[in-house]
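Written below as structure tokens is the structure these notes are about.
The values are calculated or read from the model by the stated rules, or taken from the named source; none is laboratory data. Just so we're clear, the structure is a prediction, and the values are computed from it rather than from any experiment. Backbone-built Cβ (ideal geometry, glycine too); neighbour counts: all protein chains shown. Remember, those area values only see protein heavy atoms, side chains included, never the ligands or the DNA or RNA. Shrake-Rupley method; radii C 1.70, N 1.55, O 1.52, S 1.80 Å.
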Amino acid sequence: MRTRTFAGTPVGAVGLGCMGMSWAYGASERDDEASVALIREALDLGVTFLDTAQVYGVGHNETLVGRALRGRRDEAVLATKTGLVVEDVEKMRMATRGTPEYVKRSAEESLRRLETDVIDLYYLHRVDPAVPLAESWGAMAELVAEGKVRHLGLSEVTVAQAEEAHRVHPVAAIQSELSLWTRDAMGAPGGIVGAFSGGDPAAGGEGPGDVVGWCAAHGAAFVPFSPLGRGFLTGTVTTADLDDDDFRRRNPRFQDEAVQQNMRIVDVVRRVAERHGATPAQVAIAWTLARGEHVIPIPGTKKQRYLRDNAGAADLDLTEQDLAELDDIPAPAGSRY
């Protein structure tokens with residue numbers, strides 16, 4: 001696989017988001033043994049940029065990733081997150097918690113679950129509006145000084161918040177949703193910053209600005225999550241296929257009327273894919289890669305065939321015609337949360 005650079009370290013150009021192995025996308029296909037095998041196969045394929053978080057499965061996902069990396073920890077660049085807590089597991093309702101005490105305590109918990117002495121990339125999962133960002137970030141910087149964390153990142157922030165944090169300690173990465181149907185982080189209008197399950201971007205809010213561009217200008221990686229539009233852009237996901245506990249059943253873009261309109265987006269992706277003998281998933285991921293050499297998408301999957309498919313996107317070169325066609329796709333129906 002082609003590589004990109006994170007903080008001076010080569011990593012696979014396509015990473016792996018591990019959330020769905022434990023959280024949010026329905027329980028019927030979750031299989032810890034299969035997930036451990038998938039993570040280890042990812043390393044074999046050169047997919048070395050791995051992403052988890054304390055909140056995914058209330059610690060389960062970190063434990064799973066730690067188990068998968070036994071004996072292979074030095075092959076991965078490992079990212080996890082702090083700053084969100086689960087208030088209601090069944091409804092996947094979360095709240096922000098960015099106090100210095102919580103940030104530092106949760107890091108110790110993550111280190112234990114991940115079975116590692118150091119976290120390569122530690123994100124503030126969301127900025128806590130009740131805690132000054134400089135306080136949360138300052139506590140995270142202390143973890144770097146203590147040798148427990150190598151690099152710091154932010155998730156779903158504005159350019160102004162990135163600037164504020166960067167003045168305290170360098171921002172090594174920003175992770176935000178970015179895909180063909182979600183372009184807020186490129187400065188596209190119509191989004192809200194810091195949304196999570198239960199949030200409603202349609203209610204308005206501050207746009208983030210060109211976060212992708214900010215990262216390029218400041219030597220930081222930009223890490224798109226959900227580059228496949230939570231699976232929709234693959235053209236293989238329908239609402240009828242989803243478990244009752246799959247959060248996409250409540251997602252506005254997956255409601256019947258919106259799905260019918262959003263298939264126009266998939267049609268364009270399929271057309272481009274056919275020209276290359278590629279899959280729609282590979283085209284969608286390759287589009288994010290084309291945003292810049294500092295971009296490292298982290299598509300998630302629980303299935304080995306999709307892992308291989310996603311990894312293949314690193315070798316797909318989209319033409320100017322392809323990119324122009326994809327850039328001009330219709331706006332999605334429905335807000336992202």
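Quick rundown of the values:
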quantity	calculated
All Cα pairs of the stretch 72-175, percent lying beyond 18 Å	44
Equivalent ellipsoid semi-axes - Cα gyration tensor, the stretch 271-330, angstrom	19, 14, 10
Mean-position separation - Cα centroids, the stretch 213-278 and the stretch 80-97, in angstrom	24
Label-zone membership for the stretch 299-337, site HIS276, 7 angstrom Cα→C-beta point, backbone N under 14 Å	309-327
Under 5 Å, built H, 5+ apart or other chain: amide partners of GLN175	LEU154, SER155, GLU156, VAL223
Linear extension gain, GLU87 paired with ALA217, 0.36 nm per residue minus alpha-carbon span	43.1 nm
Sites matching GluC sites (Glu not before Pro) across the stretch 116-146 that sit in DSSP coil, with at most 16 neighbouring C-beta atoms within 10 Å	GLU146
Note, ³J(HN,Hα) from phi for the stretch 69-76, Karplus 6.51, -1.76, 1.60, rounded to Hz, x at Gly and Pro	8, 4, x, 9, 4, 6, 8, 10
Kirkwood Rh, angstrom, the stretch 11-51 [1 / mean 1/r, Cα pairs]	10.7
All Cα pairs of the chain, percent lying beyond 34 Å	16
Principal axes of the stretch 226-276: Cα extent on each, largest first, Å	37, 19, 17
22 Å Cα-Cα reach of LYS104 towards lysines, excluding residues that sit fewer than 8 places from it in its own chain	LYS81, LYS148
Computed E for GLU142/ASP32 - FRET, C-beta separation, R0 35 angstrom, nearest 0.05	0.55
Fully extended contour minus Cα-Cα distance, from ASP244 to ARG167, at 0.36 nm per residue	23.3 nm
Degrees separating the helix 32-45 axis from the principal Cα axis of the chain, which is the longest one	80
For ASP245, distant residues with modelled amide H under 5 Å away	ALA27
Hz values of 3J(HN,Hα) by residue in the stretch 260-267 - Karplus curve (6.51, -1.76, 1.60), Gly and Pro given as x	4, 6, 6, 5, 4, 5, 4, 4
Distant-in-sequence amide H partners of VAL149 (H built 1.01 Å from N, under 5 Å)	ILE119, VAL144
Solvent-accessible area, 1.4 Å probe, carbon plus sulfur percent, for the chain	48
Angle between the chain longest axis and helix 159-168 axis [Cα atoms, degrees, rounded to 10]	30
Principal-axis tilt of helix 133-145 within the chain, Cα atoms, nearest 10 degrees	70
Contour minus Cα-Cα distance for GLU257 and THR9 (0.36 nm per residue)	84.8 nm
In order through the stretch 58-64: 3J(HN,Hα) via Karplus (6.51 cos²θ - 1.76 cosθ + 1.60), integer Hz, x for Gly, Pro	6, x, 4, 5, 4, 4, 4
Listed residues TYR337, GLY66, ASN251: farthest to the positive end of the dipole of the chain (Cβ charges)	GLY66
Relative contact order of the chain, pairs being alpha-carbon contacts under 8 Å that are 6 or more residues apart, as %	19
